[in-house]
Each structure stands twice: as C-alpha cells, then as structure tokens.
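Okay, so here's the structure we're looking at.
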Amino acid sequence: MKNLMLYFLVITINMTLAQNKPDYIIQQYPYLNKYDDIKSIDSTVNDKYFSNLTDDEVLTDNNTITKYWLNLGIGKCYFGPTLKFGISYEYNQNIFSIRYLKADEFRFSAGGYNFDEPPLKFYEIAVLYGYPYRTHNMTIGFLAGIGYLNGIERGTHIQSRLYESIEISQLSLPLEIYFKIEPLKYFSLGITGFGNINTKRSFSGAMIEITIGNF
C-alpha cells in the first residue's frame with residue numbers, strides 16, 4: 001500500500017511538472033522521468049486488482065447451492081405409531097419437500113379383545129417449503145406447506161363401546177421442524193417434530209429420521 005501511494009505521488013508530480021515546467025527541470029530531476037515505467041507498474045497492479053475482483057464475482061455467481069435427499073422416519077404421534085417417507089430438494093437455502101405420512105392408533109389387548117370403536121388412521125401427502133440453518137455438521141430446518149389428509153376418525157358414541165366411524169378427506173396445514181447431525185457425507189441422523197392442522201383431527205408427534213443424499 002505504501003508503494004502504491006508513493007507511485008501515485010510520483011505520477012502526480014511528474015504529470016504536473018510535465019504540463020507546467022520546462023524540460024530542464026525533468027532533466028535536473030531524472031528520477032521523475034520514470035513516468036512510463038511507473039505507468040506500466042500501475043497498470044499491472046490495476047489489472048491484477050480487477051482480475052481478482054472478476055474472480056470473486058465469478059465465485060459469487062457460482063455459489064448456487066443445489067442439494068437433494070431422501071427422508072425415512074419412524075416415530076409416534078399422540079395416538080399411535082407414525083411412518084414417514086419424504087423427498088427434499090434445496091436451491092440456494094430454500095427447501096422444497098414432499099412427504100408422505102401414515103399414522104395409526106396403537107391398539108393392543110393381551111386377551112385378544114375385540115375393540116368395537118374404530119381405530120384412528122390417517123394418511124397425509126404434503127408439499128412443504130422451508131429454510132435450513134447450518135453450523136458445522138448440524139442442521140436445523142423449519143418447514144410448512146399444504147397437504148391432503150385422508151383417514152378414519154372416531155365419531156359419536158353409539159352404544160356400549162361402539163362408536164361412529166367417520167371418513168376424513170380434506171386439505172390441511174402440515175408443519176415440520178428437524179434437527180440432524182451429519183457424521184458422513186451422504187448420511188445424517190436426526191429428530192423431527194411434525195404436525196398436521198385441520199378442522200377434523202389435528203395431530204402432532206416426533207420421530208427418529210435418517211437422511212440419505214447430497215446435503
């Protein structure tokens with residue numbers, strides 16, 4: 001930087017003297033008669049600077065992030081076991097995900113008892129959008145979107161243990177938050193919290209999830 005300032009000062013003096021002073025002054029101070037050499041050095045420095053700037057711009061343009069992965073999860077909502085299968089695509093830290101969720105009410109009787117009330121059963125397919133926050137080998141993601149929910153809801157109590165069976169088929173609001181660690185390049189393990197908001201039977205839960213792909 002000091003050298004550049006010195007070159008700039010010498011160039012300024014040289015140009016001023018060349019315009020306003022006779023040639024004998026330049027002859028008296030020969031070190032000022034180096035304008036061409038200094039101009040060449042200055043041009044080289046400028047070319048190198050702009051070349052680096054161009055490279056930085058190219059790197060900025062090439063920082064497009066494109067990732068994709070598969071999600072497989074198993075867990076539980078408040079009424080029973082839940083399975084998940086998902087496909088996700090990320091473009092410049094914008095996540096677009098499709099998930100399939102299957103939730104069933106857990107029913108168990110040691111004596112082989114027949115339950116008269118219909119078990120809760122839901123199937124969801126949803127499209128979600130979200131944003132990831134990454135640090136080292138860990139990622140936190142938040143997603144929400146729109147989904148279609150189909151399933152069986154337990155309705156009005158009819159008699160004894162007998163309940164009405166109601167089929168649900170409607171749009172819903174799916175939600176998801178996940179935390180995962182990435183011990184390997186193409187594999188991660190995490191915990192996912194999920195939810196589905198609808199007018200019939202909203203539910204939520206958590207699961208263990210593995211991720212395979214380029215992330």
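Nothing in this text is a laboratory measurement; each read-out follows from the coordinates by a stated rule. Since the model is a prediction, treat every value here as computed from it, not as a measurement.
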- Query: Applying the Karplus parametrisation 6.51 cos²θ - 1.76 cosθ + 1.60 with θ = phi - 60° to the phi angles of the stretch 192-207, what ³J(HN,Hα) value in whole Hz is obtained for each residue in order, glycine and proline being reported as x?
  - Reply: 10, x, 10, x, 9, 9, 8, 7, 9, 8, 6, 8, 8, x, 9, 8
- Query: Could you give me the ³J(HN,Hα) list for the stretch 168-181, computed from phi with Karplus coefficients 6.51, -1.76, 1.60 and θ = phi - 60°, whole Hz, x at Gly and Pro?
  - Reply: 9, 8, 6, 6, 8, 10, x, 10, 7, 9, 9, 10, 9, 10
- Which percent of Cα pairs goes in each bin when the distances of the stretch 66-214 are cut into 5 angstrom slices starting at zero? 2, 9, 18, 21, 16, 12, 9, 6, 4, 3, 1, 0
